[in-house]
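Enquirer: Structure incoming, see below.
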Amino acid sequence: MLSVEEVRSSLERAGQLHVLQFWPELSEDEKKTFLSELSQLDFDELREHCRGAAEAATRSTTKVDQKMEPVPLEFIGSVVKSDRDTINEWQNEGYLHISENQVAVLLLAGGQGTRLGVPYPKGMFNVGLPSSKTLYQIQAERICRVQQLANMKHGSKCIVPWYIMTSEFTLDPTKKFFEENKHFGLDPSNVVMFEQRMIPAVTFDGKVILQNKGKLAMAPDGNGGLYRALVDNQVLEDMQKRGVKYLHVYCVDNILVKMADPIFIGFCVSKQADCGAKVVQKASPEEPVGVVCRVDGVFQVVEYSELPLEAAEQRLPGGELRYSAGNICNHFFTLGFLQEVAQKFQSQLKQHVAVKKVPFVDKDGNMVNPTKPNGIKMEKFVFDVFQFSRRFVAFEVAREDEFSPLKNAAGAPLDTPSSARQSLLALHLRWVLAAGACFLEAPGGATRPRVTLEEETLVVCEISPLVSCSGEGLDLLLKDKMLTSPFLLDEKTAKQLLK
């Protein structure tokens, strides 16, 4: 640990000496903790970070629409528009690589869930399913089921390692939550948690913000901090030791995410891709999702805030949006590509400005909760590596099957616990009806079968991922069955139905 004199000198060179303005008021323990935090800083990086943040805050957005073009058709696959035989080929290819221990999943879980309004990691959230399962449990059980299916198909005993990138805010509670829940049936040695870097929030004039008299206001460096974190924590070496060749990377908040999706993996491998992105059709020109496209011949995601409305509203002759490939933060990478990014390109990733309301201590030592944005948090985005790909592909999936993010607290118009829950229950209901089951109701004492999806808006139907993670195998359990709502198909119920 550095001495206070060394830290003072380094802060002065970085133009951030104000950080120590309350030093005399701190207790000995507070001084020790603060000095430890400051000693971990790279002061040359801090100087450049603060200068870059102040410059970026005043920089006008680059107009990209005149340089844009949609992803060419030869680089796009689709589970929506492909025939069943083709999908089966991709799926078989994916399961083969899973069975050979070549596939891992990587979860981006460094965010605090501020918009959701909870004081714990978003993965621990219970959206109100009949089973009361959290996002983490649902995802863990999907991994268990994918492993089981690969083993059944190939007579193997495979492992899909689960890498979880956390932050200073989420690492300890996430570790504790997994331990308390016995890792949801997974072997703890195959659940690898690691921490992304934290970087200081700064004022519009490039000064580090103090969260209190003895602590900097820090924030995770965005999901694009993944590539630095992979190096810092020797994660790439761990993957190589395990024989991993392909990574499925996703965000924690999508309740419909398909873990280690064999169809997606199989498509990307069959196309010899080093980098891939799942996309959904944008719901409207105004929908706040980024668009996967090419700009000046380079693949990238153009954020909705950077795309003028007139470009967003462009349509093809058939009526589809010209820029329709909505990014859902669901990606494929080869290990070789990640190693190359880590070694050559991660320092070149663009820094994005996020203007935020950052609680701070003022010059008089008073705590202030600002009512309007007062600071800048700089973030990198995971998809900004698309530009370095030698063989990029996009893969279109059905929104109602694969994308329903949980971002906002109850009462917001979109992406709430209620909308996430209903998306999952509706998906499971479609599986049950497709398997040949129907639901009963008794209006006025009469009992009649309910058989159409349109009638089922009030039916509650949940399928455990341990029974089926994509609707597979349900016909053996449910064909011609008359069910009542609410219906929860877990392992115990499945065994009873097989008797």
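Enquirer: If each of Asn88 and Leu476 carries a label point 7 Å out from its Cα toward its Cβ, how far apart are those two points in nm?
Expert: Modelled inter-label distance: 1.7 nm.
Enquirer: What is the local net charge at Met367, summed over the other residues whose Cβ is closer than 13 Å to its Cβ (Lys, Arg +1; Asp, Glu -1)?
Expert: Computed value for this residue: +1.
Enquirer: Tell me, in nm to one decimal, what length is gained between Leu316 and Glu179 on full extension, where the rule is 0.36 nm per residue of separation less the Cα-Cα distance?
Expert: So the chain would gain 44.2 nm between Leu316 and Glu179.
Enquirer: Which value, in debye to the nearest 20, gives the size of the charge dipole of region 110-173 about its Cα centre, when Lys and Arg are +1 and Asp and Glu are -1 at the Cβ?
Expert: Values: 7 positive and 3 negative charges, 68 e Å.
Using only the charged Cβ atoms, the result is roughly 320 debye.
Enquirer: Put one equal scatterer on each alpha carbon of region 70-112, apply the Debye formula with no solvent term, and list log10 I(q)/I(0) at q = 0.17, 0.19, 0.29 1/Å to two decimals.
Expert: Listed by q, the Debye log ratios stand at -0.74, -0.82, -0.96.
Enquirer: Within a Cβ distance under 9 Å of Pro405, other residues only, what is the Lys/Arg minus Asp/Glu net charge?
Expert: That sum, taken over residues with Cβ under 9 Å, equals -1.
Enquirer: Report, in deg cm²/dmol and to the nearest 500, the calculated mean residue ellipticity at 222 nm for the chain, where each DSSP H run with n ≥ 4 adds -39500 (n - 2.57) and the sum is divided by the residue count.
Expert: -9000 deg cm²/dmol
Enquirer: For region 1-107, what's the radius of gyration and Dmax over Cα atoms, in angstrom?
Expert: For region 1-107, the Cα radius of gyration and maximum Cα-Cα distance read 26.6, 72 Å.
Enquirer: Excluding residues fewer than 8 places away in the same chain, name every one of the lysines whose C-alpha is closer than 29 Å to that of Lys372.
Expert: Excluding near neighbours in sequence, the set is Lys63, Lys122, Lys207, Lys213, Lys215, Lys350, Lys356, Lys357, Lys363, Lys380, Lys407.
Enquirer: Pop a pseudo-label 7 angstrom from the Cα along the beta-carbon direction at both Ala410 and Lys67 and give the gap in nm to one decimal.
Expert: If labels sit at Ala410 and Lys67, their model points lie 4.7 nm apart.
Enquirer: Give me Rg over Rh for region 4-58, both radii from the alpha carbons and Rh done the Kirkwood way, two decimal places.
Expert: For region 4-58, the value is 1.03.
Enquirer: Take the Cβ-Cβ distance between Lys153 and Arg8 as r, set R0 to 60 Å, and report the resulting FRET efficiency rounded to the nearest 0.05. Intermediate results must be reported in sequence, preceding the final value.
Expert: Working: r = 63 Å, r/R0 = 1.05.
So the FRET efficiency works out to roughly 0.45.
Enquirer: Oh, and also: Enumerate the helices in the chain for which the Kyte-Doolittle hydropathy averages -1.0 or more and the C-alpha atoms extend at least 20 Å along the helix's axis, using complete DSSP H runs.
Expert: 43-58, 135-154, 417-434
Enquirer: Place the peptides 162-171, 458-467, 89-98 in order of packing, highest mean first, counting for every residue the other Cβ atoms within 10 Å and averaging per peptide.
Expert: Descending mean neighbour count gives 162-171, 89-98, 458-467.
Enquirer: Dipole of region 4-58 (Lys/Arg Cβ +1, Asp/Glu Cβ -1, origin at the Cα centre): which of Ala14, Pro24, Ala57 lies farthest to the positive side?
Expert: Ala57
Enquirer: Among 283-296, 305-318, 388-401, how do they line up from the highest to the lowest mean number of other beta-carbon atoms within 10 Å? Before the final figure, lay out the partial values.
Expert: Working: 283-296: 17.1, 305-318: 12.4, 388-401: 19.1.
Descending mean neighbour count gives 388-401, 283-296, 305-318.
Enquirer: Provide the FRET efficiency to the nearest 0.05 for the Lys356-Leu309 pair, computing r from the beta carbons and using R0 = 35 Å.
Expert: Rounded to the nearest 0.05, the efficiency is 0.90.
Enquirer: While we're looking at this one, here's another question. Extension gain Glu287-Asn212, at 0.36 nm per residue separation less the Cα-Cα distance, in nm? Let's see the in-between values first.
Expert: Working: separation 75, 0.36 × 75 = 27.00 nm, distance 3.78 nm.
Answer, rounded to one decimal: 23.2 nm.
Enquirer: Quick one: pull the percentage of alpha-carbon pairs in the chain with a separation above 36 Å.
Expert: The answer is 36 percent, as a whole percent.
Enquirer: How many percent of DSSP beta bridges within the chain run antiparallel, rounded to 5? Each step should come with its number before you reach the end.
Expert: Working: 40 of 68 bridges.
Around 60 percent of the beta bridges assigned by DSSP in the chain are antiparallel ones.
Enquirer: Report the Cys residues of the chain lacking a disulfide-compatible partner, meaning no second Cys Cβ under 4.7 Å from their Cβ.
Expert: Isolated Cys, the chain: Cys50, Cys144, Cys158, Cys268, Cys275, Cys293, Cys438, Cys461, Cys469.
Each reported figure results from applying straightforward, stated rules to the coordinates on display, with no laboratory input. Model, not experiment: these values are computed from the prediction. Backbone-built Cβ (ideal geometry, glycine too); neighbour counts: all protein chains shown.
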